[in-house]
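**Q** If you scroll down you'll find the structure; I have some questions about it.
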Amino acid sequence: QSSLTNSDIIFVKLHAPWEVLGKYAELMNVRMPFRRKIYYLHRRYKFMNRIEKQISRFRGWLPRKPMKLDKETLPDLEENDCYTAPFSQQRIHHFIIHNKDTFFNNATRSRIVHHILQRVKYEEGKNKIGLNRLLSNGSYEAAFPLHEGSYRSKNSIKTHGAENHRHLLYECWASWGVWYKYQPLDLVRRYFGEKIGLYFAWLGWYTGMLFPAAFIGLFVFLYGVTTLNHCQVSKEVCQATDIIMCPICDKYCPFMRLSDSCIYAKVTHLFDNGATVFFAVFMAVWATVFLEFWKRRRAVIAYDWDLIDWEEEEEEIRPQFEAKYSKKERMNPISGKPEPYQAFADKCSRLIVSASGIFFMICVVIAAVFGIVIYRVVTVSTFAAFKWALIRNNSQVATTGTAVCINFCIIMLLNVLYEKVALFLTNLEQPRTESEWENSFTLKMFLFQFVNLNSSTFYIAFFLGRFTGHPGAYLRLINRWRLEECHPSGCLIDLCMQMGIIMVLKQTWNNFMELGYP
């Protein structure tokens with residue numbers, strides 16, 4: 001079918017009939033429902049029943065939970081609670097099949113079709129296999145599953161019901177009007193699959209766990225505001241009108257009084273006060289609690305969705321690995337079937353090349369941070385000689401602010417570059433399975449993101465102002481530029497600007513790319 005806007009673009013629509021879906025569902029060990037779950041109620045005593053009746057009567061007076069979805073007005077929300085088993089055509093009579101057209105949901109159908117397209121051979125040759133190769137050589141511009149109709153309807157979902165699964169998902173999940181409600185994870189899983197469902201389960205859990213951390217952080221900040229007038233350090237800095245400080249640079253920087261940094265000392269107290277120690281301990285405990293409670297939450301979801309033994313049954317060899325090592329086979333000791341085999345020397349050589357690439361890119365990040373350090377050292381005197389009095393009097397803050405903005409641009413550019421490098425290196429390693437590929441790619445991205453985002457922050461927190469020397473014997477960079485010093489009130493104001501500007505700009509950019517740009 002030709003495009004309506006561009007006749008040069010041709011759309012090829014694919015449909016998998018029941019026979020193909022059944023064949024590959026059995027091959028891929030897709031778990032399908034075969035029996036409803038039966039819950040046995042424990043025997044209760046009359047006394048407990050009376051208490052529960054009183055509690056339920058009291059709850060009837062209270063308003064309903066606003067964050068829960070209304071299942072009475074949205075009956076389609078209730079999913080059938082069933083046990084699942086790997087699909088088998090020989091035992092098809094055991095599975096709950098009301099309609100063959102809807103037995104396999106949208107996510108499962110898309111997954112089966114994608115599995116077929118990844119492994120189909122389109123031309124005679126060694127590596128002429130799979131949809132990804134056709135996309136990379138430009139034969140196809142894109143490949144994607146289609147949505148199930150429109151997400152909007154003229155009729156109300158409460159009176160006429162949902163038009164389709166997409167419409168239902170929009171009304172009770174993606175609409176701005178239900179931003180405060182819990183996520184219908186069963187619907188997300190039914191439409192997008194288990195992997196996307198688990199991702200949004202984690203995202204919802206993470207967002208919910210951030211609330212206590214944000215509340216404690218706000219409390220620490222407000223504590224700093226209320227105790228600002230009682231801070232001894234800021235008092236001494238503000239009252240030190242007769243203490244003269246040395247210039248912060250060789251040229252154009254004037255002598256200054258210690259009391260000139262009174263405002264910076266007060267701002268520092270807002271973030272660095274007695275309650276900050278408690279906040280640091282709380283965040284260390286919070287990180288551990290968050291991870292352990294997420295493991296519990298994930299276990300509950302895995303049990304409800306029958307994913308506990310998913311990895312053992314669903315693990316498949318990547319089609320790229322099959323195509324590359326199809327001529328070298330060995331017998332699998334567990335399954336007893338021949339499978340492609342990668343020699344140990346080949347694997348080691350690829351890992352060495354990949355590790356070298358990672359090390360080189362991390363060195364590029366460190367070099368970028370070193371460039372930012374040189375920029376800060378050079379521009380302090382430039383801003384000190386600026387014609388505008390506001391910038392001239394706050395040359396150190398102006399230097400930090402512009403350096404952070406430049407650093408943010410470098411961080412975003414290196415993120416884009418390194419994602420492509422990480423993809424190339426991961427594909428070069430030729431991981432055997434999809435989980436090995438994802439683990440390898442995740443490790444590379446984590447290492448780089450950690451160094452890329454935190455290297456400049458670590459420099460300000462632990463190195464800035466530590467190696468400056470003293471008047472008459474200042475340490476210099478390349479025997480020319482004097483190393484940067486902290487503000488008289490400390491380096492924390494620089495650290496706050498570094499973290500604040502990068503976090504705000506990064507969140508703004510990410511939200512624009514996810515919401516505004518599409």
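**Q** Output wanted: per-residue J couplings in Hz (rounded whole) for region 425-439, from phi through Karplus 6.51 cos²θ - 1.76 cosθ + 1.60, θ = phi - 60°, x for Gly and Pro.
**A** Rounded to whole hertz, the list is 5, 5, 5, 5, 5, 6, x, 6, 10, 5, 5, 5, 5, 5, 5.
**Q** For the ranges 203-214, 424-435, what's the packing order if you count other beta-carbon atoms within 10 Å of each residue, average per peptide, and put the highest first?
**A** Result, highest mean first: 424-435, 203-214.
**Q** Under the rule of at least 5 residues apart or a separate chain, name every residue whose amide H is placed under 5 Å from the amide H of M256.
**A** M245
**Q** Further question on the same structure: Through the Karplus equation 6.51 cos²θ - 1.76 cosθ + 1.60, θ set to phi - 60°, convert the phi angles of region 396-408 into ³J(HN,Hα) values in whole Hz; use x for Gly and Pro.
**A** These are the phi-based 3J(HN,Hα) values: 5, 5, 4, 4, 4, x, 5, 5, 5, 5, 5, 4, 4 Hz.
**Q** Along region 459-474, what does the Karplus equation 6.51 cos²θ - 1.76 cosθ + 1.60 (θ = phi - 60°) give for ³J(HN,Hα), rounded to whole Hz, x for Gly and Pro?
**A** 4, 5, 6, 10, 10, 4, x, 8, 10, 9, x, 9, x, x, 8, 6
**Q** Ordered by packing density, taken as the mean number of other Cβ atoms within 10 Å over each peptide's residues, highest first, how do 481-487, 445-451 rank?
**A** 481-487, 445-451
**Q** Using every Cα-Cα pair within region 342-517, state what percent have a distance larger than 22 Å.
**A** Here the tail beyond 22 Å accounts for 56 percent of pairs.
**Q** A further question follows. So for each of 176-189, 20-33, 347-360, 135-148 I average, over its residues, the number of other beta carbons within 10 Å; can you give me the resulting order with the highest mean first?
**A** 20-33, 176-189, 347-360, 135-148
**Q** Give me the extension gain from S349 to A302: residue separation times 0.36 nm, minus the current Cα-Cα distance, reported in nm with one decimal.
**A** So the extension gain works out to 13.2 nm.
**Q** State the percentage of accessible surface on the chain attributable to carbon and sulfur atoms; use a 1.4 Å probe and exclude ligands, DNA and RNA.
**A** Carbon plus sulfur share of accessible area: 62 percent.
**Q** Just to be sure I follow: if Rg is taken over the C-alpha atoms of region 123-253 and Rh is the Kirkwood radius over the same atoms, what is Rg/Rh?
**A** 1.33
**Q** Taking the dipole about the Cα centre of the chain, with the C-beta of Lys and Arg at +1 and of Asp and Glu at -1, give me whichever of Y303, A287, F448 is farthest to the positive side.
**A** Farthest towards the positive end: Y303.
**Q** Calculate, for E436 and H93, the FRET efficiency according to 1/(1 + (r/R0)^6) with r their C-beta to C-beta distance and R0 35 Å; round to the nearest 0.05.
**A** The calculated FRET efficiency here is 0.40.
**Q** Over region 342-517, give the accessible area per residue in Å² for a 1.4 Å probe, as an integer.
**A** 56 Å²
**Q** Ok, one more. Using amide H atoms built 1.01 Å from N in the peptide plane, name the residues 5+ places from M32, or on other chains, whose amide H lies under 5 Å from its own.
**A** Amide H neighbours of M32: A85, F87.
**Q** With charges only on Cβ, +1 for K and R and -1 for D and E, what is the dipole size of the chain about its Cα centre, in debye, rounded to 20?
**A** 880 debye
**Q** How much length, in nm to one decimal, is gained on full extension between K100 and H147, taken as 0.36 nm per residue of separation minus their Cα-Cα distance?
**A** Gain on extension, K100 to H147, equals 15.0 nm.
**Q** Please state, as a whole number in µm²/s, the translational diffusion coefficient that the Stokes-Einstein equation yields for region 323-417 at 20 °C and 1.002 mPa s, with Rh defined as the Kirkwood radius across alpha carbon pairs.
**A** Roughly 120 µm²/s, to the nearest whole number.
**Q** Quick one: which residues, 5+ away or cross-chain, put their amide H under 5 Å from the amide H of E148? H built at 1.01 Å from N.
**A** Residues meeting the criterion, in which the H sits 1.01 Å from N, are R166.
The values are calculated or read from the model by the stated rules, or taken from the named source; none is laboratory data. Not measured: the values here are computed from a predicted model. Cβ atoms come from the backbone with ideal geometry, glycine included; neighbour counts cover every protein chain shown. Side chains included, ligands, DNA and RNA excluded: accessible areas come from the protein's heavy atoms. Shrake-Rupley method; radii C 1.70, N 1.55, O 1.52, S 1.80 Å.
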